[in-house]
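The values are calculated or read from the model by the stated rules, or taken from the named source; none is laboratory data. What you see is a predicted model; the values in this text were computed from it and never measured. In this analysis, Cβ positions are derived from the backbone assuming ideal geometry, glycine residues included, and neighbour counts consider all displayed protein chains. Just so you know, the surface numbers come from the protein's heavy atoms only, side chains and all, with ligands and any DNA or RNA stripped out. Shrake-Rupley method; radii C 1.70, N 1.55, O 1.52, S 1.80 Å.
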Amino acid sequence: QAMSSPYAYFWAEAIVKEWLEIVGNNTWLLVDKMPWMRIIPCKWIFNIKTDSDGIPYRFKARLVAGGHRQTEGIDYDETYAPVSRLATLRTMLAVAAHRGWEVHQIDITTAFLNGDIDADVYMLQPPGFIDGNNKVCKLQRCLYGLKQAPRAWYEKLKSVLAKFGFLPISADISFWLRKADDTVVYLSSVVDDMLMTNPNTALTIHLLKCILNILKGNYMGVVKHFNGMKISWFPKTHSVVLTQPGHVDKIVNTFKHLDHSILLPRDLPIKPGLKLCLGGTSEDPKSPSLDVETYHFRALVGSMNYISCCTRPDITFTVNQLSRYANDPKEAHWQVAIDLLRYLNTTKHWGIRLGHAHGVYDETYVRNKCVAYAFADANHGTGVDDKRSITGMVLCVYGGPVSWCSKVQSVTSTSTVESETRALSEASRESLWLAKIITLFSIPPRPFVIKGDSKGAIDAIRNQSYTKHTRHIEIHHDFMKQRYQLGDLGYEHVSDKSNPADIFTKAQSAHDFKNCQTTL
């Protein structure tokens, strides 16, 4: 199909380029086919790469092995391969923007071909490049599609970075530090994309080019597009903005043929006060079955979930609620998902601001302000089906959100204080992890202040006593009390109107939603 299209020349060029990479890397040996061999298939995969604005810039062909035919214990053993957490990445960007550092990017081409294979794996010769009818490929290096390929690439990357003094940290083993000559260099890796920063730009460029001398790739300069995110730098205000307009356009173009109302504008992600349930919504509890195929609903929600995890905390609550009904969505659920996409399309250029998130940059103000803090909130017993509460939290560095979540609590809380305590506990655990990250940037985290609007829950932690509402959740209280006593965490009460975590717990009115959104 690709070779019969008007772009056949470009696809052929992409195939030849990939083939030369494979041959030049000694990826396999041609051996005689034997009856006892377990032979897996392979095929060419084609994709048009686009930038953060959705504009095509490269035709890409990839030879992919049929890893689905591999057997654990015979063809592979370990498969786990870590990638840097988005919260770590956002924290690094926030600190770099605040301090005026440049963040530079490299992209390793055909990264998985660098991984050494640890088992005898045989594969059919690729279509279009058959050399002998009774020959098969015995893999010497990993290919895309193999179960062990991501892990093999990580081990290869780890060994290469170690040559230049980079070591992974325990809190995020895809975040690397190099300490030498009183200078710390920071590197974040997401598979084959890497970002590096430190106060010395010349050192950053030098180290990246040294890595590219071993691992073939491209030096991209100051990062402007990373994993589907558009990264816009504002040096005068010491800030950086992360958006995903191209990803939103891609989703709209994919689903607009199913519902033309997607192109209509919308001001809110979900109708105020609306609750979802197994039968549909609180307004339509007996909604008919979905008109479109279920996989369309799952694909739509999954696509928007990626955006909510990267740059749009304001849609996290709605995406979380929709995800609960992916197994049996109703027509009412589909309409909520379409409304959410309409809102995203209307606000596709919105995102999060990191570094110095609010107002004009003022070093005196920043120095006197708490660098890292968190907000936590809970909506008690609002579940229509199970009456479980919803936890919402957001962690900020220099006033910008770097980590957030909206999740249904695992058990039913018997009181508002209990549900708020569970939310504070969730934020406390995430805050302790983030404190490990920010200390790497010489930022003192103690105490990491967590703000909530439940005075009862916070007083119980501060006063180190149990009440009739909290005595049955001792583990959460003991954990937070101990950290409070050690000075690792601090707890402050804020009013309902001053708690932006409320955006993660309910469908808000337009006024409250905009207030929380502006705070984030």
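The table below lists the values:
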{"item": "Options Ala171, Ala149; residue that is closer than 23 Å to Tyr186 by Cα, at pLDDT below 95, among the small types (Gly, Ala, Ser) and within 22 Å of the chain's Cα centre (by Cα)", "result": "Ala171"}
{"item": "Where Ser4 falls short, out of the listed (1) over 30 Å from Asp118 (Cβ atoms); (2) of a type in the set (Gly, Ala, Ser); (3) surrounded by 15 or more Cβ atoms within 10 Å (Cβ to Cβ)", "result": "(3)"}
{"item": "In the range 208-233, residue modelled with the lowest pLDDT [restricted to those that are of a type in the set (Gly, Ala, Ser) and under 30 Å from Lys348 (Cα atoms)]", "result": "Gly228"}
{"item": "Enumeration of residues in the range 468-489 that are part of a loop (DSSP other than H, G, I, E, B), exposed (fewer than 14 other Cβ atoms within 10 Å of the Cβ) and modelled with pLDDT under 70", "result": "Lys468, Arg471, His472"}
{"item": "Residues of the range 299-344 classified as in contact (Cβ under 8 Å) with a residue 60 or more places away in the chain and open to solvent by 30 Å² or more (accessible area, probe 1.4 Å), total", "result": "5"}
{"item": "Among residues of the range 102-112, those that are open to solvent by 10 Å² or more (accessible area, probe 1.4 Å) and modelled with pLDDT under 95, counted", "result": "4"}
{"item": "Matching residues, the range 430-451, being open to solvent by less than 10 Å² (accessible area, probe 1.4 Å), at pLDDT 90 or above and of a type outside the set (A, V, I, L, M)", "result": "Ser431, Phe441"}
{"item": "The range 151-166, residues that are surrounded by 21 or more Cβ atoms within 10 Å (Cβ to Cβ) and assigned to a loop (DSSP other than H, G, I, E, B)", "result": "Phe166"}
{"item": "Near pairs, Cβ below 7 angstrom, 6+ apart or cross-chain, from the range 1-27 (of a type in the set (Phe, Trp, Tyr)) to any residue that is outside any helix (DSSP H, G or I)", "result": "Tyr7/Phe59; Phe10/Phe59; Trp11/Ala2; Trp11/Met3; Trp11/Phe46; Trp11/Phe59; Trp11/Ala61; Trp19/Phe129"}
{"item": "Residue within the range 441-458 that is in a helix (DSSP H, G or I), out of contact with any helix residue (DSSP H, G or I) (no Cβ under 6 Å at 6 or more places or on another chain), free of Cβ contacts under 8 Å to residues at least 60 places away in the same chain and not β-branched (Val, Ile, Thr) present", "result": "yes"}
{"item": "Scope the range 362-383; condition closer than 22 Å to Tyr398 by Cβ and either assigned to a loop (DSSP other than H, G, I, E, B) or at pLDDT 80 or above (or both); matching residues", "result": "Asp362, Lys369, Cys370, Val371, Ala372, Tyr373, Ala374, Phe375, Ala376, Asp377"}
{"item": "Strands (runs of 3 or more DSSP E) lying entirely in the range 167-285 (those with 3 or more residues that are open to solvent by less than 20 Å² (accessible area, probe 1.4 Å) and touching a residue at least 24 places away in the same chain (Cβ under 8 Å))", "result": "172-180, 183-190, 193-197, 239-243"}
{"item": "Residue ID - nearest to Ser442 (Cα to Cα), chosen from residues in the range 60-84 that are surrounded by 19 or more Cβ atoms within 10 Å (Cβ to Cβ) and touching an Asp or Glu at 6+ places or on another chain (Cβ under 7 Å)", "result": "Ser84"}
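Yes/no per residue for (1) touching a His at 6+ places or on another chain (Cβ under 9 Å); (2) open to solvent by less than 50 Å² (accessible area, probe 1.4 Å); (3) within 18 Å of Gly217 (Cβ to Cβ):
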site: Trp11; (1), (2), (3): no, yes, no
site: Glu18; (1), (2), (3): no, yes, yes
site: Asn25; (1), (2), (3): no, yes, yes
site: Trp28; (1), (2), (3): no, yes, no
site: Met37; (1), (2), (3): no, yes, no
site: Lys49; (1), (2), (3): no, no, yes
